[in-house]
Amino acid sequence: MQEQKNISEELQDLTCLYEITKELASAVNLSDCLEKIMKTLADLKAMENGTITIINPLTGKLEIEVAHGLSAENKKLGQYVLGEGITGRVVATGEPIIVPHIANEPRFLNRTGARGDISHQNKSFLCVPIRDEQQIIGSLSVDRMYKDGLNHQADADLRFLIVLSGLIAQTTRRIQTVNREQEGLRLENLRLKRELSEKNRINDIIGNSSRMQDVYDMVHRVVDSNATVLLRGESGTGKTLVAKSLHYNSRRKNKSFLVVNCSALPETLLESELFGHEKGAFTGATERRIGRFEQAEGGTLFLDEIGEISPSVQIKLLHVVQERNFQRLGSTQTIQCDVRLVAATNKDLERAVKEGVFREDLYYRLNVFPVYMPPLRERRTDILLLAEYFLEKYARENKKIIKRISTSAIDMLIQYHWPGNVRELQNCMERAVLICDDDSIKGAHLPPTLQTSSSSKTTNLLSLAGSVENLEKELIIESLKLHNGNQTKVAEALSTSLRIINYKIHQYNIDPKKFKISTK
């Protein structure tokens, strides 16, 4: 009878071990895998409160990684110093421990409170170390009820848990290795993407933000296609630059790139501008005129502000887009054209279609490949990059030596909402360069619109004394940066005494040591 019982227990162990090894072999997420193993122990081996603790390398404490049936709050309570309690002792010594009755063991801390009142519980506690090669990284523990007290079954269970802890250690090492390799691949992928984005940066478009990376990706996908591109976005976001990029990075780059601003011309002149006219086609047509579609043959025609064209021009433009041919005004001759069409608008074309002011069929013909240009307020990480680009450009054009933008000016640039987008920032930096007589752009050089209470995050205007203090502090900080924290040189540069500089530094709570650059 005892022999049959032993055989039954061995079969139970094999079944449990088989289910666990299946989980371990296919595991990709360590926590999920260990949770399932603890549940399997409870279901097949009646081992309750299965818990795995791992040494936190930062704190050196034992912390619960997985605990079957334990809440997140209780898990946080389960922290042990090495040598503390049964669990801490197992990890410290590397030796397994069996506690026959947890109610009678003073070293059993029950710190998580998961077992409630243990004073009358007749459960046993089994805990084994988890070894990774020669290093102990944690422990595996369970509760088990033995009807007849500790017997050979407890020893068998302990051996079973020791085998299981070895399998867990191997799987942990495997998953960690895979995770390190995946992280390495992810970082390498990011590096290659950065290199690719730098390599593929198009013409004069500046920006490393995720929104601009999306724009670069869209441009490179469509650059060698003949598909019509519709550039959407607010005024000043750089739609013209993208249109140029589509042309000069395409197979048509050696042909013409022509621009027509549809909002700048009245209807009759726009029609003539696009399609040309014959002599005498209308009053004032004293000679034949070749239109932009003919001039752009083989190249690219960029129609800016396409949402502003009149219904009659829309009809003729639709014909060109569909049939790839047109007629000059006053002519019956059909002219074939091979032109890449790029259109742009800051208008809500969908609303214009609903209101009946823009043809629905033309909208769908133009909206083959839309590219959305993000406003500057949605790509704030690019603001400083653009500002420094424009600073260098206009300083070079105006033959000025301006090396940097001050901290206060940077704060103002970043905080401003930029309703005029990149174009407004460009104009702002050109103005700042023109009025700057120093080697750095300061807040005072920026336009008044950037110095309002909303952009500077202040609710009240500063007093004259407050403004003077701010300017003094900014000048001292800039000079400390320039002179590597040397207060004597700062005093000389600002044409004042060392005593006054020391006083001001103390008054404004400035730490000169922060500006010293170590040469070690």
Next item on the list: Please give the strands (runs of 3 or more DSSP E) falling wholly within region 38-148 in which 3 or more residues are touching an Asp or Glu at 6+ places or on another chain (Cβ under 8 Å), modelled with pLDDT of 85 or more and in the same structural domain as Cys16 (by TED's automatic domain parsing).
Entry: 48-55, 124-132, 135-144
Notebook entry, point to check: What number of residues in region 283-305 are modelled with pLDDT under 90 and over 20 Å from Thr334 (Cβ atoms)?
Noted result: 4
Note to self: Just checking, does region 264-276 include any residue being outside any helix (DSSP H, G or I), touching a residue at least 12 places away in the same chain (Cβ under 8 Å), surrounded by 14 or more Cβ atoms within 10 Å (Cβ to Cβ) and over 33 Å from the mean Cα position of the chain (by Cα)?
What the structure shows: yes
Next item on the list: Please verify whether region 212-225 includes one or more residues that are surrounded by 17 or more Cβ atoms within 10 Å (Cβ to Cβ), under 13 Å from Arg340 (Cα atoms) and either within 27 Å of the chain's Cα centre (by Cα) or not hydroxyl-bearing (Ser, Thr, Tyr) (or both).
Entry: yes
Next item on the list: Mind telling me which of the residues Arg396, Arg404 ends up being out of contact with any Ser or Thr (no Cβ under 7 Å at 6 or more places or on another chain) and either surrounded by fewer than 20 Cβ atoms within 10 Å (Cβ to Cβ) or without any contact (Cβ under 8 Å) to a residue 60 or more places away in the chain (or both)?
Entry: Arg396
Margin query: Of the residues Leu362, Leu413, Leu386, only one is under 23 Å from Leu301 (Cβ atoms) and at pLDDT 90 or above; which?
Written below: Leu362
Next item on the list: Please go through region 214-232 and pick out each residue that is of a type outside the set (Val, Ile, Thr) and over 16 Å from Asn249 (Cβ atoms).
Entry: Asp214, Leu230, Arg232
Next item on the list: Take the residues in region 289-301 that are of a type outside the set (A, V, I, L, M) and in contact with a Phe, Trp or Tyr (Cβ under 7 Å, 6 or more places away or on another chain), then tell me which one is farthest from Leu265 (Cα to Cα).
Entry: Gly299
Next item on the list: Mind listing whichever residues of region 248-278 are under 20 Å from Glu297 (Cβ atoms) and either among the aliphatic types (A, V, I, L, M) or not assigned by TED's automatic domain parsing to the domain that holds Glu305 (or both)?
Entry: Leu258, Val259, Val260, Leu270, Leu274
Note to self: What's the number of the only condition in (1) modelled with pLDDT of 90 or more; (2) assigned by TED's automatic domain parsing to the domain that holds Asn261; (3) surrounded by fewer than 15 Cβ atoms within 10 Å (Cβ to Cβ) that Thr332 fails to meet?
What the structure shows: (1)
Checklist line | Selection status of Ala352, among the hydrophobic types (A, V, I, L, M, F, W, C) and surrounded by 22 or more Cβ atoms within 10 Å (Cβ to Cβ) | finding: no
Note to self: Return the residues of region 354-399 that are in a helix (DSSP H, G or I), farther than 13 Å from Gly207 by Cα and among the acidic types (Asp, Glu); say none if nothing qualifies.
What the structure shows: Glu360, Asp361, Glu392, Glu397
Margin query: Filter region 487-496 down to the residues that are touching a residue at least 12 places away in the same chain (Cβ under 8 Å) and either at positive phi or assigned to a loop (DSSP other than H, G, I, E, B) (or both) and list them by number.
Written below: Leu494
Checklist line | Odd one out for Ser312, checked against (1) outside any loop (DSSP other than H, G, I, E, B); (2) in contact with a Lys or Arg (Cβ under 8 Å, 6 or more places away or on another chain); (3) surrounded by fewer than 21 Cβ atoms within 10 Å (Cβ to Cβ); (4) of a type in the set (S, T, N, Q) | finding: (2)
Margin query: Suppose the filter is loosely packed, with under 15 Cβ neighbours inside 10 Å and hydrophobic (A, V, I, L, M, F, W, C); does Ala92 pass it?
Written below: no
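The values are calculated or read from the model by the stated rules, or taken from the named source; none is laboratory data. Please read these numbers as outputs of a predicted model, since none were measured by experiment. Backbone-built Cβ (ideal geometry, glycine too); neighbour counts: all protein chains shown.
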